[in-house]
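Written below as structure tokens is the structure these notes are about.
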Amino acid sequence: MSKLTRFEVASTTLGGQVSQFLRNYYIYFVLIAIVVFLSLTNLDRYELFERGNFLYERNIINILRVSAPILVLAGAFTLLMVSGYIDLSVGSTMGLSAVIYAMLAINGVPFLAAFAITTLCGVLLGTFNGLLVVRFKITPVIATLITLSLFKGIALLLVMDGVSAIKSMGDLKMPSWFNAYGREGVLLGLPMAFWVAVIVTITLVVLQNRSLLGKYAAATGGNPTAAKLSGINTSKVVFVLYAIVGACAALAGIARSSFMSLGDPLSGDGMELTAILVVLIGGTAFSGGEGRVLRSFVGALIIMTITLGMLTLVPAYYQTLVLGAVLLGAAASNHWISRKDHAS
């Protein structure tokens, strides 16, 4: 009887360990499975995939270039959602930042200065969101819906009448270096914008795992009342996280503007939905308190790989349906694994 009991205990322990392993690493297996599937598929019908091979070096570079905006945004958005808050204005922040960056470039501002000024503008936009939420106590969804419209309106006003995007202004032309960051520039074989996304992600992983900000964000999202009673300044935590999200949205706008060779005020449209999907597929709890920056980064790669892969495999009118089905499956798997883990 005791042997059976020990066996049952061992089985339960093993089951819990397997469940925890799947919960922590399932998203990496999903990415590997998608890459393997696409690498075995003929993709030569779409110009993005040269030689019809997904794993051809140039194809990977192209995908990373297109993915750079969401990759640089995913980590910051994750930390904000872990704290129990959300920012629906990231797309408009991205579009406004793209316009600002293009305007600075056209007017002769050097690359590094334009890069820094645009990023600072993103911080200010994120700070404004933080003020609305923290100081004026406006519900995050309502506050960032307001700024979604406000920031987009400002971006549209900055673009000249009769022009949909900033490509040139009279005799002023886009400088030769403008495409280098997001489209043509390569460092150690990979796009420059991708390297920035990697650096930002590593920094945020360290912040989440090694800093008080990461611990306080999780505490704020898990139980805000207990966090306040334990002495955590939850308002300051949320304020800082909104500023970080604004900075990363600006970096996303820079990458998109450089890739497209113009400053389009609508270039970030839909990014808020993509960011939400990315962090959810990465296992972040919508209610807050749980989520990992690195898994969201992988989730962004999954979303972009699926999206670009479907361009050649699936008719256009089925692509949204397929993507939704994949996301539903991933969310259901994550929920099932989480329940099994809690049960064990």
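The values are calculated or read from the model by the stated rules, or taken from the named source; none is laboratory data. These figures come from a predicted structure and were not determined experimentally. Note: ideal-geometry Cβ built from the backbone for every residue, glycine included; neighbour counts use all protein chains shown.
Any chance you could count how many residues in the stretch 87-123 are closer than 25 Å to Val205 by Cβ and assigned to a helix (DSSP H, G or I)?
12
If the Cβ limit is 9 Å and pairs must be 6+ apart or interchain, which residue in the stretch 13-41 that is more than 19 Å from Phe297 (Cα to Cα) and modelled with pLDDT of 70 or more pairs with which residue that is among the aliphatic types (A, V, I, L, M) and outside any helix (DSSP H, G or I)?
Leu38/Leu55; Ser39/Leu55
Only one residue in Gly126, Gly84, Gly153 is within 22 Å of Gly291 (Cβ to Cβ) and either hydroxyl-bearing (Ser, Thr, Tyr) or assigned to a helix (DSSP H, G or I) (or both). Which one?
Answer to the check: Gly126.
Would a scan of the stretch 267-275 turn up a residue that is touching a residue at least 12 places away in the same chain (Cβ under 8 Å), surrounded by 21 or more Cβ atoms within 10 Å (Cβ to Cβ) and either more than 11 Å from the chain's Cα centre (by Cα) or outside any helix (DSSP H, G or I) (or both)?
Within the stretch 267-275 (the criterion being touching a residue at least 12 places away in the same chain (Cβ under 8 Å), surrounded by 21 or more Cβ atoms within 10 Å (Cβ to Cβ) and either more than 11 Å from the chain's Cα centre (by Cα) or outside any helix (DSSP H, G or I) (or both)), the answer is yes, since at least one residue qualifies.
Does Asp264 satisfy the criteria of being surrounded by fewer than 17 Cβ atoms within 10 Å (Cβ to Cβ), more than 12 Å from the chain's Cα centre (by Cα), modelled with pLDDT of 70 or more and within 30 Å of Ala165 (Cβ to Cβ)?
When the stated conditions are applied, Asp264 does not pass them.
How many of the residues in the stretch 212-261 are surrounded by fewer than 17 Cβ atoms within 10 Å (Cβ to Cβ), within 23 Å of Gly283 (Cα to Cα) and not basic (Lys, Arg)?
First pass over the stretch 212-261, keeping only residues surrounded by fewer than 17 Cβ atoms within 10 Å (Cβ to Cβ): 212, 215, 223, 225-226, 228-231, 233, 235-236, 261.
Then keep just the ones that are within 23 Å of Gly283 (Cα to Cα); that gives 212, 215, 223.
From what is left, the residues that are not basic (Lys, Arg) are 212, 223.
Selection size over the stretch 212-261: 2.
Given the criterion of a type outside the set (Gly, Ala, Ser) and more than 16 Å from the chain's Cα centre (by Cα), identify the matching residue among Ile86, Ile70, Ile61.
Ile61
Could you check Glu290 against (1) assigned to a helix (DSSP H, G or I); (2) surrounded by fewer than 20 Cβ atoms within 10 Å (Cβ to Cβ); (3) not aliphatic (A, V, I, L, M) and say which number it fails?
Evaluating Glu290 over (1) assigned to a helix (DSSP H, G or I); (2) surrounded by fewer than 20 Cβ atoms within 10 Å (Cβ to Cβ); (3) not aliphatic (A, V, I, L, M) leaves (1) as the failure.
What pairs come up if the first residue lies in the stretch 95-109 and is free of Cβ contacts under 8 Å to residues at least 40 places away in the same chain, the second is among the aliphatic types (A, V, I, L, M) and surrounded by 20 or more Cβ atoms within 10 Å (Cβ to Cβ), and their beta carbons are under 6 Å apart, counting only those six or more places apart or on different chains?
Listed pairs, sorted by first residue: Leu104/Ala114.
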